[in-house]
1. If you check Thr71 against the conditions, is it polar (S, T, N, Q) and within 20 Å of Tyr18 (Cα to Cα)?
2. Among the candidates Gly90, Gly128, which residue alone is open to solvent by 40 Å² or more (accessible area, probe 1.4 Å) and modelled with pLDDT under 95?
3. Go through (1) buried (at least 20 other Cβ atoms within 10 Å of the Cβ); (2) more than 20 Å from Leu108 (Cβ to Cβ); (3) in contact with a Leu (Cβ under 8 Å, 6 or more places away or on another chain) one by one and return the number of the condition Ala134 breaks.
4. Mind telling me which of the residues Ala102, Ala50, Ala77, Ala60 ends up being closer than 30 Å to Leu140 by Cβ, touching a residue at least 40 places away in the same chain (Cβ under 8 Å) and open to solvent by less than 60 Å² (accessible area, probe 1.4 Å)?
5. Considering segment 144-175 alone, what residues qualify as being among the β-branched types (Val, Ile, Thr) and within 14 Å of the chain's Cα centre (by Cα)?
6. Look through Val178, Val96 and report the one residue that is within 25 Å of Ile56 (Cβ to Cβ), open to solvent by less than 70 Å² (accessible area, probe 1.4 Å) and over 15 Å from the mean Cα position of the chain (by Cα).
7. Within segment 144-161, how many residues turn out to be open to solvent by 40 Å² or more (accessible area, probe 1.4 Å) and either under 30 Å from Ala125 (Cα atoms) or of a type in the set (Asp, Glu) (or both)?
Amino acid sequence: SVPNLFAASLTLAAAVFYVFVYTIWLKPRTVQNIVIGGAAGAVPALVGWAAVTGGIGAGAALLFAVVFCWTPAHFWALALRYRDDYAAGGFPMLPVVRGAAAAATQILGYAVLVVALSLLLPLVASVGVVYLAAASALGLVFIMQGVRLRQDPNAERAIAFFTLSNIYLALLFTAVAVDVLIHAR
């Protein structure tokens, strides 16, 4: 069907972008590699929306923005933990090029941006108080962990933030699904 063809086309474009633009071209050349490359990882939000609706609405665009902005905070925390490995491999990851404190500051900034974007979803999609409560609570924890990392950007806190970022995003999207199911009844 047409919606599935559109969703498949988005998936193929994201895969091509990830392999050729992010992995081959950006990753070894620029400190902003993960910021730009994060677009490929955010495309599944568009794919899911397109598979159901046949198009891309404001809700899909906002979910894309959440994942796109989440990616640098998430990945730079991992890069902070494995900074020596990236340096040895010659990859210009932010913690390698600008240092741990600069990376932790950027991680916190992106965490705040992600939470702000996530709180806008009820304005453009069919989610309500259940989602908003979950997004608020999750966002508070996410930002607090970012503050802790910024205060002391060590490997242990970096991997703790990385782990939390996975849980945060999974629970945020679960909250979307739960709220939509509640409103569908």
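1. Values: polar (S, T, N, Q): yes; within 20 Å of Tyr18 (Cα to Cα): yes.
The answer is yes for Thr71.
2. Values: Gly128 fails: open to solvent by 40 Å² or more (accessible area, probe 1.4 Å).
Unique residue meeting the criteria: Gly90.
3. (1)
4. So the residue among Ala102, Ala50, Ala77, Ala60 that is closer than 30 Å to Leu140 by Cβ, touching a residue at least 40 places away in the same chain (Cβ under 8 Å) and open to solvent by less than 60 Å² (accessible area, probe 1.4 Å) is Ala77.
5. Taking segment 144-175 and keeping what is among the β-branched types (Val, Ile, Thr), we get 147, 159, 163, 167, 174.
Scanning segment 144-175 gives Thr163, Ile167.
6. On the way: Val96 fails: within 25 Å of Ile56 (Cβ to Cβ).
Matching residue, one of Val178, Val96: Val178.
7. Here the count works out to 4.
The values are calculated or read from the model by the stated rules, or taken from the named source; none is laboratory data. Please read all numbers here as calculations on a predicted model, not as lab measurements. In this analysis, Cβ positions are derived from the backbone assuming ideal geometry, glycine residues included, and neighbour counts consider all displayed protein chains. When the accessible area is computed, the model is the full protein with side chains, heavy atoms only, and any ligands, DNA or RNA have been set aside. Shrake-Rupley method; radii C 1.70, N 1.55, O 1.52, S 1.80 Å.
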